[in-house]
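What follows is a single structure, and I will ask about it in a moment.
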Amino acid sequence: MSTPVVVTGLGVAAPNGLGTRAFWEATLAGRGGIGPVSRFDATGYPARLAGEVPGFVAEDHLSGRLLPQTDRMTRLALAAADWALADAGVDPAERPPSDMGVVTASASGGFEFGQRELRNLWSKGGRHVSAYQSFAWFYAVNSGQVSIRHGMKGPSGVLVADQAGGLDAVAQARRLIRKGTPLIVSGAVDASLCPWGWVAQSASGRLSTAGVPERAYLPFDARAQGHVPGEGGAMLVLEDAGAARRRGATVYGEIAGYGATTDPRPGGGRPPGLRKAIELALADAGLVPAEVDVVLADAAADPGLDRAEAEAIAAVFGPRGVPVTAPKTMTGRLCSGAGPLDLGTALLALGEQLIPPTVHVEADPALALDLVTGGPRPARLRTALVLARGHGGFNSAMAVRAAAP
Amino acid sequence: MNATEFTLSDLKRILLESAGADGAGLDGDILDSRFEELGYESLALLETGSRIEREYGIVLDDSVLGEADTPRALLRAVNSRLAPAA
């Protein structure tokens, strides 16, 4: 039997709330954080709405030494990791450095920082490029900066699989704990709301061009026409369940199962891989479908992708066989940050026995989903399944289970 | 630039612009403190050297930044290039 791995700390930076408490209150109230892009002038682009993290003043959280060397995504990740560790009641200074590691996911790296320095390179010359460009825009920089800040010298790394990567990172953290590192800080924060990031995301052809937040991101709705991108995510403290119990930690829940697949080549006639990812995650968790109490959907808001997800869910759980929700309708799609934020949401839902709603959506009856809309739904929740798909055919599924009472 | 002298206050300003400072900042007598003790690693010094080069129109060899491990040593190295021997 593999060592159970539990979540003991949570730090959230989301478009509808900075900090876990603000996020959770907004999420239960159905209060979204999608609005016109303010971080740069997006008026000339087809898509002009985003989920931006409100009220984050980097100077309030980070020393002056860190500011010149960090992109926004790293600043948010550092703050969220601090909150997660404080929430877990862990003081890294009291632990052996090699007993702690960091695994994050990243979809784009530090694009805002990178764009500024590339502009310096091509407009002023190489001597005007910050020396910190050498790492500040790398995929791995959030893992590096978190590990340096807290003196975590155990195994570290980064996973890159667009939206699916956020779950893949937590799965890798679980593997490392099972190999003997007692504590891993994991999760993801992406924040590429700058012209470069915007163009890169626009190239997917999947961004909503709607002008009104209430109409812009409508997964599983007959009016679905793309998604709204957002920034932020969540950081989690993961621990060996036995070690967490011995120190008397408060446990949010267990990372019970994980599965990942890659879609077949387009046009080959084989089915997409999401169903298989779900089945793998359930088998890994030792769960049968009837034991899953809620599914947090990937929610692409692309008609074909919504249908594929609804079919995968129905194939495993039966038509309208399990409550499904997409709280990311309040935040937009956060790239790598989405999976860890949904994990946090799922764990908070298990704690409160409330399924947060999918907002603004009128579920397309043809999809045969029991979509939770209108408001939070009270339910007996012991297990939740989080789904995430990344552009390019990545499918990941992760099951979480409530802590034993 | 025709600056004739690179002073400690010039260095402090450029250090702050390049790499920031922690709480205590750069107050007090730091002339003979090692950069490492002040919290500046090699990358911070690389960025600082790059800005000094741009602002003062000089070239600092990599070895200069490696060897000048205190503000006093760096001031001396920069000033020797601002006023080359005739």
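No lab work stands behind these numbers, since they all come straight from the coordinates. These figures come from a predicted structure and were not determined experimentally. In this analysis, Cβ positions are derived from the backbone assuming ideal geometry, glycine residues included, and neighbour counts consider all displayed protein chains.
Of A:His150, A:His61, how do they rank once you tally other Cβ atoms within 10 Å and put the fewest first? It would help to have the intermediate numbers written out before the result.
Working: A:His150 21, A:His61 15.
In order of increasing Cβ crowding within 10 Å: A:His61, A:His150.
What is the distance in Å between the Cα centroid of region A:297-326 and that of region B:4-63?
Here the answer is 56 Å between Cα centres.
Across the protein assembly as shown, how many lysine pairs separated by 8 or more positions, or lying on different chains, have Cα atoms within less than 29 Å?
Working: A:Lys124/B:Lys12; A:Lys153/A:Lys179; A:Lys179/A:Lys276; A:Lys276/A:Lys328.
So the count of such lysine pairs works out to 4.
Sequence-distant or interchain residues sharing an amide H contact under 5 Å with A:Asp221, placed H: which?
Residues meeting the amide H criterion: A:Asp364.
If you don't mind, another one. Mind giving me the FRET efficiency for A:Val199 and B:Glu5? R0 is 56 Å, r the Cβ-Cβ distance, nearest 0.05 is fine.
Working: r = 46 Å, r/R0 = 0.83.
Calculated value: 0.75.
Determine which residues of region B:32-46 fall in the zone a paramagnetic label at A:Arg127 would reach in this model, i.e. backbone nitrogen under 17 Å from the point 7 Å along Cα→Cβ.
Under cut-off, by backbone N: B:46.
With the Cα gyration tensor of region A:5-246 in hand, convert its eigenvalues to equivalent ellipsoid semi-axes via √(5λ) and list them largest first in whole Å.
Values: eigenvalues 182, 107, 48 Å².
They are 30, 23, 16 Å, listed from largest to smallest.
Then there is this: May I ask you to evaluate 6.51 cos²θ - 1.76 cosθ + 1.60, the Karplus curve with θ = phi - 60°, for each residue of region A:245-260 and list the ³J(HN,Hα) values in order in whole Hz, giving x for glycine and proline?
Each residue's phi maps through the Karplus curve to give 5, 4, 8, x, 5, 7, 10, 6, x, 9, 7, 8, x, 8, x, 9 Hz.
Please report the net charge: other residues with Cβ closer than 14 Å to the Cβ of A:Ser147, K and R +1, D and E -1. Mind dumping the intermediate values first?
Numbers: positive: A:Arg95, A:Arg149, A:Lys153; negative: A:Asp82, A:Asp99.
For residues surrounding A:Ser147, the net value is +1.
Another question about this same structure. How do B:Asp27, A:Asp221, A:Asp284, B:Asp22 rank when sorted from fewest to most other Cβ atoms within 10 Å of their own Cβ? Working shown, then result.
Numbers: B:Asp27 8, A:Asp221 22, A:Asp284 18, B:Asp22 12.
Least crowded to most crowded, the residues run B:Asp27, B:Asp22, A:Asp284, A:Asp221.
A follow-up question, please. Could you give the length gained on full extension between B:Arg72 and B:Glu37, defined as 0.36 nm per residue of separation minus the Cα-Cα distance, in nm? Present the calculation step by step, with values, prior to reporting the outcome.
Numbers: separation 35, 0.36 × 35 = 12.60 nm, distance 1.41 nm.
Length gained between B:Arg72 and B:Glu37: 11.2 nm.
A follow-up question, please. How high is the relative contact order of chain A, in percent, counting Cα pairs under 8 Å that sit 6 or more residues apart? Mind dumping the intermediate values first?
Details: 1051 pairs, mean separation 91.9, N = 405.
Relative CO of chain A lands at 23 percent.
If I take every Cα pair under 8 Å that is 6 or more residues apart in chain B, average their sequence separation and divide by the length, what percent do I get for the relative contact order? Display every interim value, and only then the final one.
Numbers: 69 pairs, mean separation 37.1, N = 86.
About 43 percent, as a whole number.
Does region A:361-405 come out rounded, prolate or oblate, given a ≥ b ≥ c as the square roots of the eigenvalues of its C-alpha gyration tensor, rounded meaning a/c under 1.5 and, failing that, prolate meaning a/b above b/c? Show your work: numbers first, answer last.
Working: a/c = 2.83, a/b = 1.08, b/c = 2.61.
It is oblate, given that a/c is not under 1.5 and a/b is not larger than b/c.
Can you compute log10 of I(q)/I(0) for the protein assembly as shown with the Debye formula, treating each Cα as one identical point scatterer, at q = 0.07, 0.11 Å⁻¹?
Taken in order of the listed q values, log10 I(q)/I(0) reads -0.40, -0.87.
Okay, next question. Evaluate 2.2 N^0.38 Å with N set to the residue count of region A:293-365, then give the Cα radius of gyration divided by it. Let's see the in-between values first.
Working: Rg = 12.1 Å, N = 73, 2.2 N^0.38 = 11.2 Å.
So the Cα radius of gyration is 1.08 times the expected 2.2 N^0.38 Å.
Put a dot 7 Å past each Cα toward the Cβ at B:Asp62 and A:Glu362; how far apart are the dots in nm?
Spacing of the two 7 Å Cα→Cβ label points: 6.5 nm.
Looking at chain B, what % of the alpha carbon pairs are farther apart than 23 Å?
Working: 522 of 3655 pairs.
Tail fraction, whole percent: 14.
Okay, moving on. Where the centre of each part is set by its Cα atoms, how far does region A:83-113 sit from region A:186-247, in angstrom?
Between the Cα centres of region A:83-113 and region A:186-247 lies a distance of 20 Å.
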